[in-house]
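Worksheet for the structure shown next.
The values are calculated or read from the model by the stated rules, or taken from the named source; none is laboratory data. What you are looking at is a predicted structure, and each value in this text was computed from that prediction instead of being measured. For neighbour counting, all protein chains shown are included, and Cβ atoms are generated from backbone atoms with ideal geometry for every residue, glycine included. For the accessible areas, the whole protein counts, side chains as well, though only heavy atoms, and no ligand, DNA or RNA atoms are used. Shrake-Rupley method; radii C 1.70, N 1.55, O 1.52, S 1.80 Å.
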Amino acid sequence: MRVHVVSDVHGNSRDLAAAGTGADALLCLGDLVLFLDYADHSRGIFPDLFGAGNASELVELRTARRFEEARALGRRLWGELDATGASRESVIEGAVRKQYAELFAAFPSPTYATYGNVDIPRLWPEYAGDGVTVLDGERVEIGGRVFGFVGGGLSTPMRTPYEISDEEFAAKVEAVGEVDVLCSHIPPEVPELCYDTVARRFERGSTALLHAIRTTRPRYALFGHVHQPLARRVRVGATECINVGHFNATGTPYVMEW
């Protein structure tokens, strides 16, 4: 059995179309949408609307953890857009829909996917075809192994679209139960797995995931979210915890074989 795993696709539909080549199934751990590319400030919804210069300023403020100034910049820019009579929500949704149409069309069959923190779950049913199974707080058997999926991220100052409370996230982890492979968008709360060496900050990991790993002992815990982690894999007890990579940048899936 051969399964390919991707996360943090962020608009890379070209490489996504080939990500399932040679695999029996593709797993996607979320963040399909590209709102702002921290490596290339000309790519994404934000620079398309407001220009690469403003995108660079926003990245600089966020990287320096000057979140209030970043929000002030956003309010000013969105205010200028609102003044033109355009609906902020409709503009964003239209841009997201365009990306989703390209990305879901690139998924091979079968694909098993869950949401990232920048995704908009209510739109997914419109784009997920017969070959795409969306799972969140749910399990599926693939090649004799049980895979559990937990989507979304936890609340942060960034206020991305699909951030949920610790309690709601923990309930989904509990609903998954004992599995062979625990799949999530965000990592368990392990410092080496949560620190982004380029953004120079800790991303939020989940204590509920870490507790589940310690108590249910899956073979693997797979996740993304942290684009340039201090460590890409850490063993916690019997479980190999693996960041499957920043697919937008690498274009290469993580490969599992058994």
- Going by a ≥ b ≥ c, the root eigenvalues of the Cα gyration tensor, does the range 8-67 fall in the rounded group (a/c under 1.5), the prolate group (a/b larger than b/c) or the oblate group? prolate
- Can you give the % of DSSP beta bridges in the range 1-140 that are antiparallel, to the nearest 5? 0
- Note on the structure: With +1 at each Lys and Arg Cβ and -1 at each Asp and Glu Cβ, the charge dipole magnitude of the range 59-168 around its Cα centre, to the nearest 20 debye, comes out at 360
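What is the diffusion coefficient of the range 103-221 in µm²/s, taking the Kirkwood radius over Cα pairs and the Stokes-Einstein relation at 20 °C with a viscosity of 1.002 mPa s?
Values: Rh = 15.0 Å.
Approximately 143 µm²/s, per Stokes-Einstein.
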- Query: If you average 1/r over every pair of different alpha-carbon atoms in the chain and take one over that average, what Kirkwood value in Å do you get?
  - Reply: 18.6
- Message: How much of the DSSP bridge set in the chain is antiparallel, in percent, rounded to the nearest 5?
- Response: 40
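Lys and Arg at +1, Asp and Glu at -1: add these up for the other residues within a Cβ distance under 13 Å of R139 and post the number.
Cβ neighbours under 13 Å give a net charge of -4.
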- So, with +1 on the Cβ of K and R and -1 on the Cβ of D and E, and no other charges, what is the size of the charge dipole of the chain about its Cα centre, to the nearest 20 debye? 480
- Item | Whole-Hz ³J(HN,Hα) from phi, Karplus 6.51 cos²θ - 1.76 cosθ + 1.60, for the range 230-242, glycine and proline x | 4, 9, 8, 8, 9, 8, 10, x, 8, 9, 8, 9, 10
- Item | Distant-in-sequence amide H partners of C183 (H built 1.01 Å from N, under 5 Å) | G148, F149, V150, L222
- Compute the acute angle (0 to 90°) between the alpha-carbon long axis of helix 67-82 and the principal axis of greatest extent of the alpha-carbon atoms of the chain; round to the nearest 10°. 60
- In units of 2.2 N^0.38 Å, what is the alpha-carbon radius of gyration of the range 130-188? 1.20
- Task: Indicate the gyration tensor shape class of the range 50-148 (rounded, prolate or oblate), computed on the Cα atoms with a ≥ b ≥ c the square roots of the eigenvalues: a/c under 1.5 is rounded; otherwise a/b larger than b/c is prolate and the rest oblate.
- Result: prolate
- Query: Could you give the angle, 0 to 90 degrees to the nearest 10, between helix 52-63's Cα long axis and the longest principal axis of the Cα atoms of the chain?
  - Reply: 60
- Note on the structure: Taking a ≥ b ≥ c as the square roots of the eigenvalues of the Cα gyration tensor, with a/c under 1.5 meaning rounded and otherwise prolate when a/b exceeds b/c and oblate if not, the range 180-258 is oblate
- Note on the structure: Descending accessible area (1.4 Å probe), largest on the left, turns V150, V140 into V140, V150
- Query: Relative to the Cα centre, what is the charge dipole magnitude of the range 196-250, using +1 at the beta carbon of each Lys and Arg, -1 at the beta carbon of each Asp and Glu, and rounding to the nearest 20 debye?
  - Reply: 160
- Dipole axis of the range 28-125 (+1 Lys, Arg; -1 Asp, Glu on Cβ), positive-most option in G79, N54, L34: G79
- Item | CD proxy at 222 nm, helix term only [per DSSP H run n ≥ 4: -39500 (n - 2.57); per residue of the chain; nearest 500] | -10000 deg cm²/dmol
- Message: With angles folded into 0 to 90 degrees, how steeply does helix 207-216 sit against the dominant principal axis of the chain? Use alpha carbons for both and round to 10.
- Response: 10
- Item | Listed peptides 167-180, 206-219 by packing density, highest first (mean Cβ within 10 Å) | 206-219, 167-180
- Item | Mean-position separation - Cα centroids, the range 91-154 and the range 185-204, in angstrom | 23
